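Undergrad: Right, I'll just put the structure down here and ask away after.
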């Protein structure tokens, strides 16, 4: 008797397709409630748009994608600098808010308990306390001593060069790294 084989349904996620936008035709502005709006001259307008970086670490000012409020793709520009001055200012402010990443200057305390890491740090934006979910899921080594932390809420914290931190901070890090 032939053996029956059940085929499992496999869902393949496709990478989004980004139409290239002509930056000379893209206009961005804020409405009365502060939402970012977008018009592509001679084509269409969006009541709400958001800018996201395709390569946030390696190319922060290049390959900027625009999405609707429902995260549907509008398109991509290659370089922020090609937008008009007002649109550049709005996009940079939107990206700065979305990719806000304080730099850790020193660790005040760091304790690992039941797989969670409790941190109290001094950053370039003042003192912060956060909880991270385990070092392997939290810490990304970007090379040359640069580290990127992500806390349990998705906030990111950067260390430009962990070897340049004060001795106490280095000892804290060495315990968990």
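The values are calculated or read from the model by the stated rules, or taken from the named source; none is laboratory data. Only a predicted model underlies this, so the values are computations on that prediction, with no experimental measurement involved. Here Cβ is always computed from backbone atoms with ideal geometry, including for glycine, and neighbour counts include all displayed protein chains.
Undergrad: If you go through region 75-91 one residue at a time, do you hit one that is under 21 Å from residue 29 (Cβ atoms) and in a loop (DSSP other than H, G, I, E, B)?
TA: yes
Undergrad: Take residue 117 and tell me if it is surrounded by 15 or more Cβ atoms within 10 Å (Cβ to Cβ), in contact with a helix residue (DSSP H, G or I) (Cβ under 9 Å, 6 or more places away or on another chain) and modelled with pLDDT under 90.
TA: The answer is yes for residue 117.
Undergrad: Going through region 149-177 one residue at a time, which ones are under 19 Å from residue 112 (Cβ atoms) and in a strand (DSSP E or B)?
TA: 149, 150, 157, 159
Every residue, every condition in (1) surrounded by 12 or more Cβ atoms within 10 Å (Cβ to Cβ); (2) in the same structural domain as residue 138 (by TED's automatic domain parsing); (3) under 22 Å from the mean Cα position of the chain (by Cα); (4) modelled with pLDDT of 95 or more, yes or no:
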residue: 8; (1), (2), (3), (4): no, no, no, no
residue: 11; (1), (2), (3), (4): no, no, no, no
residue: 17; (1), (2), (3), (4): no, no, yes, no
residue: 36; (1), (2), (3), (4): yes, no, yes, no
residue: 44; (1), (2), (3), (4): no, no, no, no
residue: 54; (1), (2), (3), (4): yes, no, yes, no
residue: 73; (1), (2), (3), (4): yes, no, yes, no
residue: 84; (1), (2), (3), (4): yes, no, no, yes
residue: 94; (1), (2), (3), (4): yes, no, yes, no
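Undergrad: Here is a check on your reading of the model: is residue 118 farther than 25 Å from residue 56 by Cα and assigned to a strand (DSSP E or B)?
TA: Yes: the conditions hold for residue 118.
Undergrad: Among the numbered criteria (1) closer than 30 Å to residue 35 by Cβ; (2) surrounded by 12 or more Cβ atoms within 10 Å (Cβ to Cβ), which single criterion is violated by residue 124?
TA: The one condition residue 124 does not meet is (2).
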